[in-house]
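First the structure, in the form of C-alpha cells, and then the observations on it.
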Amino acid sequence: MAQLSCQNLTLGYEGKEILSGLSFEVNSGDYLCIVGENGSGKSTLMRTVLGLKKPMSGKVVTGDGLSANEIGYLPQQTLVQRDFPASVREIVISGNQGRCGLRPFYNKSEKQLALENMKKMGIEDLKNRCYRELSGGQQQRVLLARALCATRKMLLLDEPVAGLDPKVTADMYSLIDGLNKKDKITIIMISHDLDAALRYASHILHIGSDIFFGTRDEYLKSRFGAERGLV
Amino acid sequence: MFDQLVGYLQYPFVRYALIVGILIALCSSLLGVTLVLKRFSFIGDGLSHVAFGAMAVAAVAGITNDMLVIMPVTIISAVLLLRTGSNARIKGDAAVAMISVGALAIGYLLMNIFSTSSNVSGDVCTTLFGSTSILTLTELEVWVCIILSVIVVFAFIIFYNKIFSVTFDENFASATGTKSGVYNLIIAIIIAVIIVLAMNLVGSLLISALVIFPALSAMRVFKSFKSVTICSACLSVVCAALGIIISIIAPNGAPVGSTIVAVDIVVFFIFWLIGFIKERV
C-alpha cells in the first residue's frame, strides 16, 4: 500500500475551485517533485496533504505505517520567525512536540534525537546560537533538523532553496538527496527549479491547467518534456 | 528615605499593593514575548477596554461583584480575537482596534447616561489610569490575585514548550500533531485573566505597556526564548516594585500605574543601549 495517496482531490479557496480531479500516490522511498506555475495550487495542495486544510472534495489517505501527523514539514520562512529570539536547540527540539501529547516537558530520548539530527545536518556547533542571526542556508538546516525530529518516514519541503545562493542551493539539494537515498526518507518537494527537480526526483507531479503525474522518465517523454526540448 | 520606606511598609495597604503589583507584573510579562511575536502587541489594550466596557455595564446593572461580568466577557473577547488571527476577513490589528475603541465608547457612554456617582470623570479616570485602586485593595482582593497569579504561572510553565511551538510555527505544530487550536485558546484565556488582574494596577490604558515593555527590553539583549522569558519576568518584577516604591515615596503623589510604566521605559532604553553596544563590539 502507498504511504500517501490523494484520491480525486478538488482544491480551492472560499468556494472557488483552483484544481480538480487530482490523484496521485507516493510510495516509501520515492522522491516526488511538485512543479507548476505560481497560483496553480502547489501550496494549497501541500496544506491539504498536511491536514491544515480540508479538500473541497476527494480525500488524502496515509498508509504503509505512516500516520497523518508523522509527516515532517519544512515550511517557507514566515515573518514571525525572522525576529524570533530562539536558540537553534530550542527550535530543533520543538520538532518533537507532536509526540508529547499532554506531557509538558521533553524526555531524554527526545533530547537525544534533537542532538542526533543537529549532528546529521552539521549544525551541532551552532546549537546555542540565535536563530535569527544565522545565514539563510543555516536556518534551512535548522528547520530541516526540526522536521527530522517529527518524522523518520516522510518529509514535505516547500521551496527549500528559495532565496539561497547557488552554492548553498547545491549543498541543500545534496543534503536532501542524502536523506532520501541513505536514510530512506520519502521526499515530497515543491519546487520552482525544474532542472533540479529532473536531476533528483524519481517522480514528477505537474499541476496547473493540465495535470501530469508519473516517473521522471515518463515526464521527459511527455509533451511537457518535449516543450522544453529535453527529449 | 529608607526609614520612610520601612515606615510605609507598616501599613497593610502598602504591603498589599507591593504583593499584588509584583504578582501582576510577573504574570503579564510571561506572555509578552508570545504576544509581541504573534503581532498582537495591542491585544492587551483592546481587551482592557473590553473589560472597561464590561465594568461599566456591571455598574449600571447594579451588580456588586463586577468580576463575575468582567472576567467572562474579557475571556470571550480574547478567544474571538486570537481565533480570527491569520485567516479572518478583518485582520488581527483591525479587529483589535474595532473592539477596543468600540468597548471604550460604549463603556463611557453607559457610565455617563446611567451615572450613579457624583464624580463620573473621576471614576473614569480611575479605571483608565488605575490611579488609586491599587492602594485601596481589600484582603479578599489580594487573595484572589494571589490565587489567580499562581494559576497563571503554573499554566505557563506546564504549557511552556507548547506555547513555544505554537508561537514559532503554528503550521508546523498542527501538521505534526500538536493541537494548536487548543493551545491558542489557552493562551487567549491566560491573557484575559492577566488583563483583568492588571486593570487594578495600571488601569486599562496602560496595560499594554506592562505586557510589551519587559519582553521588548529582554529581546534587545537575550537570544533564546528561555532567557528572554526569564529576563522579562525579572525585569517586570523589578520595575513594578521600583515603580510602586517611587510612587509611594514621591512627594506629590505620583500615580502608581504611570510610574511603573515610566520605569519600564527607562529600562527599555538601557537594554536597547546594551544591545546596541553588544552588537558593535
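Rule-based calculations on the coordinates, nothing more; no lab input. Keep in mind the model is a prediction, meaning the values are calculated, not measured. Here the Cβ positions follow ideal geometry from the backbone for every residue, glycine too, while neighbour counts run over all protein chains shown.
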task: Please give, to one decimal in nm, the separation of the simple spin-label points placed at A:LEU115 and A:SER209, each 7 Å out from Cα toward the Cβ.
output: 5.7 nm
- prompt: How large is Rg/Rh for region A:77-152, to two decimals, with Cα atoms and a Kirkwood Rh?
  reply: 0.95
field: Average beta-carbon neighbours from other chains, 10 Å sphere, peptide A:89-96
entry: 5
query: Which helices, counted as full DSSP H runs in chain B, have an axial Cα extent of no less than 15 Å and a Kyte-Doolittle average of 0.0 or above?
result: B:12-30, B:43-61, B:67-84, B:92-113, B:139-158, B:180-202, B:207-221, B:225-249, B:256-280
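For the pairs B:LYS226/B:LYS278; B:LYS38/B:LYS223; A:LYS108/A:LYS184; A:LYS59/A:LYS182; A:LYS181/B:LYS223, flag any whose C-alpha to C-alpha distance is greater than 28 Å.
A:LYS59/A:LYS182; A:LYS181/B:LYS223, as the Cα separations exceed 28 Å there.
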- request: Specify which residue in the list A:GLY98, A:GLY136, A:GLY122 is farthest towards the positive end of the charge dipole of region A:95-157, using unit charges on the beta carbon of Lys, Arg (+1) and Asp, Glu (-1), about the Cα centre.
  value: A:GLY98
statement: For peptide B:219-225, the mean count of other chain Cβ atoms within 10 Å per residue Cβ is 5
message: No solvent, one uniform scatterer per C-alpha: report log10 I(q)/I(0) for the protein assembly as shown via the Debye equation at q = 0.06 1/Å, two decimals.
response: -0.36
- prompt: Which of the lysines could a cross-linker bridge to A:LYS54, judged by Cα under 19 Å and excluding same-chain residues fewer than eight apart?
  reply: A:LYS16, A:LYS42, B:LYS179
Mean ellipticity per residue at 222 nm, deg cm²/dmol - from DSSP H runs of n ≥ 4 across chain A, formula -39500 (n - 2.57): -10000 deg cm²/dmol
query: aspartates and glutamates near B:LYS162 by alpha-carbon distance under 18 Å, same-chain residues fewer than 8 away left out - which ones?
result: A:GLU70, A:GLU90, A:GLU110, B:GLU170
- line: Among region B:218-247, those whose backbone N falls under 19 Å of a label point 7 Å along Cα→Cβ from A:PHE105 are B:225-231
- request: Report the extension gain between A:ARG132 and A:GLU17 in nm, rounded to one decimal, defined as 0.36 nm multiplied by the number of residues separating them, less their alpha carbon distance.
  value: 37.7 nm
task: Could you calculate the contour length gain from B:GLU139 to B:ASN252, that is, 0.36 nm times the residue separation minus the distance between their Cα atoms, to one decimal place in nm?
output: 38.0 nm
message: Based on alpha-carbon centroids, what's the gap between region A:87-163 and region A:11-76 in Å, whole number please?
response: 23 Å
statement: To the nearest 0.05, the calculated FRET efficiency linking A:SER174 and B:ILE157 through their beta-carbon distance, R0 being 60 Å, is 0.90
As computed over chain B, the Cα convex hull volume per residue (Å³): 139 Å³
query: How high is the FRET efficiency between B:VAL266 and B:VAL150 when r is their beta carbon distance and R₀ equals 25 Å, given to the nearest 0.05?
result: 0.25
